[in-house]
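Worksheet: the structure to be examined is printed underneath.
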Amino acid sequence: MAKPPATAIRTLIYYLSEHPSIVEFRWSHAHSWGSTWSFLFTSIATYLTLSLFLHLSLSLLFPRRRHIPLGPIPAFHSLTMSLISATIFAGTLISAVSEIRDTRWFWQRSKTPFQWLLCFPLGTRPSGRVFFWSYVYYLSRFIHMLRTIITIIRRRKLSFYQLTNNSVSTLVSFLWLEFSQSFQVLAILFATLVYSLVYGYRFWTAIGLRSACFPFVLNCQIVLLGCNVACHVGVFLLHFFFLQGGCNGIGAWLFNSVLNTAVLLIFVHFYVRMYIVGNTTPRTKVVVQDHSMDSSSLIAGFELESLQ
């Protein structure tokens, strides 16, 4: 017999925010898999080495072959990433609401719930619901890296920017946990919402359905960048002007801000060159290239996964 809607919702909320494994989560080098600096740098080095090795090996073995068919693997990866991203988004959102409800007594005199999302109180430790989902998001970065391997095997162009960005984004998600960085809740919500849509769109086109009549991936990039910029401005104002004592993990936030600034400059350069000062011929080339890559990226390796 099917459960009533209210019971199903309560069950979903329990498994997304009230399960003991989530409530009692604590980021620990001794107990959390992948939580050490040595693991982080070893995994990133392995990712870079494997990507370069595969790219060079396939270039030597198949110098004239444009691509290697992988069947349903790319579509399966896109579907998996879309579902994982949607789950992280739902879990983070519900957990943030629960965390605000349970801890508001501690900080309600000094800030609003939205300010808490932007600026953790000083002394915040990486434990509890929202950090559990931050940890899941960090682990999902390694599944995300498989996109590069799939792209290389299919004989697509390997982008140095793509390798660098995936490595840095994994490092940043590690720093969020290591230093209990402020702003990470909103960053995860924005990123996973966009990832779930984009990877769902990639799955949609990979199984042969019609693509959008507008640049879907580009529009998602613009929305994600705009939200990130607005929130970074909010953290800056809260830390330096409006909140006494400032925000927790501000050093990691500054590093994240530098990264996002670099990504924003690259995006603006790309957008101005292609859509403002470019002529008709280059624009046509961009559209063709984007379609040939299953709508998964834009020219020059500027991919949506870079924007976090």
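Does residue 252 satisfy being touching a Cys at 6+ places or on another chain (Cβ under 9 Å), touching a residue at least 40 places away in the same chain (Cβ under 8 Å), small (Gly, Ala, Ser) and assigned to a helix (DSSP H, G or I)? The answer is no for residue 252.
Yes/no matrix, rows are residues, columns are (1) of a type in the set (S, T, N, Q); (2) surrounded by 24 or more Cβ atoms within 10 Å (Cβ to Cβ); (3) closer than 30 Å to residue 125 by Cβ; (4) out of contact with any Ser or Thr (no Cβ under 7 Å at 6 or more places or on another chain):
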residue: 184; (1), (2), (3), (4): yes, yes, yes, no
residue: 190; (1), (2), (3), (4): no, no, yes, yes
residue: 199; (1), (2), (3), (4): no, yes, no, no
residue: 203; (1), (2), (3), (4): no, no, no, no
residue: 208; (1), (2), (3), (4): no, no, no, yes
residue: 212; (1), (2), (3), (4): no, no, no, yes
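Considering 126, 121, which residue is out of contact with any strand residue (DSSP E or B) (no Cβ under 8 Å at 6 or more places or on another chain) and farther than 28 Å from residue 198 by Cα? When all the criteria are applied, what remains is 121.
When we screen 114, 120 for residues that are modelled with pLDDT under 85, touching a helix residue (DSSP H, G or I) at 6+ places or on another chain (Cβ under 9 Å) and more than 16 Å from residue 17 (Cα to Cα), the only hit is 114. Yes or no: segment 155-169 includes at least one residue that is surrounded by fewer than 20 Cβ atoms within 10 Å (Cβ to Cβ), assigned to a helix (DSSP H, G or I), of a type in the set (S, T, N, Q) and more than 13 Å from the chain's Cα centre (by Cα). Checking segment 155-169: at least one residue is surrounded by fewer than 20 Cβ atoms within 10 Å (Cβ to Cβ), assigned to a helix (DSSP H, G or I), of a type in the set (S, T, N, Q) and more than 13 Å from the chain's Cα centre (by Cα). Only one of the numbered conditions (1) under 20 Å from residue 75 (Cα atoms); (2) assigned to a loop (DSSP other than H, G, I, E, B) is violated by residue 196, and that is (2).
The single residue among 208, 226, 246 that is out of contact with any helix residue (DSSP H, G or I) (no Cβ under 9 Å at 6 or more places or on another chain) and not in a helix (DSSP H, G or I) turns out to be 208.
Scan segment 33-68 for residues that are over 30 Å from residue 130 (Cα atoms), touching a residue at least 12 places away in the same chain (Cβ under 8 Å) and out of contact with any Leu (no Cβ under 9 Å at 6 or more places or on another chain) and the total you get is 5.
Residue 219 - would you say it is at pLDDT 70 or above and surrounded by 18 or more Cβ atoms within 10 Å (Cβ to Cβ)? No: the conditions fail for residue 219.
Would it be correct to say that residue 92 is over 22 Å from residue 31 (Cβ atoms), in contact with a Phe, Trp or Tyr (Cβ under 9 Å, 6 or more places away or on another chain) and in a helix (DSSP H, G or I)? No: the conditions fail for residue 92.
Considered as a group, the residues in segment 24-65 that are part of a helix (DSSP H, G or I) and of a type in the set (Phe, Trp, Tyr) include one that is surrounded by the most Cβ atoms within 10 Å (Cβ to Cβ), and that residue is 47.
Test residue 240 against the stated conditions and say whether it is on the phi < 0 side of the Ramachandran plot, part of a helix (DSSP H, G or I) and surrounded by fewer than 12 Cβ atoms within 10 Å (Cβ to Cβ). For residue 240, the condition - on the phi < 0 side of the Ramachandran plot, part of a helix (DSSP H, G or I) and surrounded by fewer than 12 Cβ atoms within 10 Å (Cβ to Cβ) - is met. For segment 5-12, the condition holds for no residue, the condition being that it is in a helix (DSSP H, G or I) and closer than 23 Å to residue 175 by Cβ. Examine segment 266-278 for a residue that is surrounded by fewer than 17 Cβ atoms within 10 Å (Cβ to Cβ), within 22 Å of residue 171 (Cβ to Cβ), modelled with pLDDT under 80 and out of contact with any Phe, Trp or Tyr (no Cβ under 6 Å at 6 or more places or on another chain), and state whether such a residue exists. Within segment 266-278 (the criterion being surrounded by fewer than 17 Cβ atoms within 10 Å (Cβ to Cβ), within 22 Å of residue 171 (Cβ to Cβ), modelled with pLDDT under 80 and out of contact with any Phe, Trp or Tyr (no Cβ under 6 Å at 6 or more places or on another chain)), the answer is yes, since at least one residue qualifies.
Of everything in segment 219-278, what is of a type in the set (S, T, N, Q) and either more than 17 Å from residue 195 (Cβ to Cβ) or in contact with a Gly (Cβ under 8 Å, 6 or more places away or on another chain) (or both)? Give them in sequence order. Matches in segment 219-278: 244, 248, 256, 257, 261. The condition (being assigned to a loop (DSSP other than H, G, I, E, B), within 16 Å of residue 177 (Cα to Cα) and of a type outside the set (Asp, Glu)) is satisfied by just one residue among 122, 70, 117, 139: 122. All of (1) hydroxyl-bearing (Ser, Thr, Tyr); (2) surrounded by 13 or more Cβ atoms within 10 Å (Cβ to Cβ); (3) in contact (Cβ under 8 Å) with a residue 60 or more places away in the chain hold for residue 21 with one exception: (2).
The values are calculated or read from the model by the stated rules, or taken from the named source; none is laboratory data. Every value quoted in this text rests on a predicted model; they were computed, and no experiment measured them. Methodologically, a virtual Cβ is constructed for each residue, glycine included, from the backbone with ideal geometry; neighbour enumeration extends over all protein chains shown.
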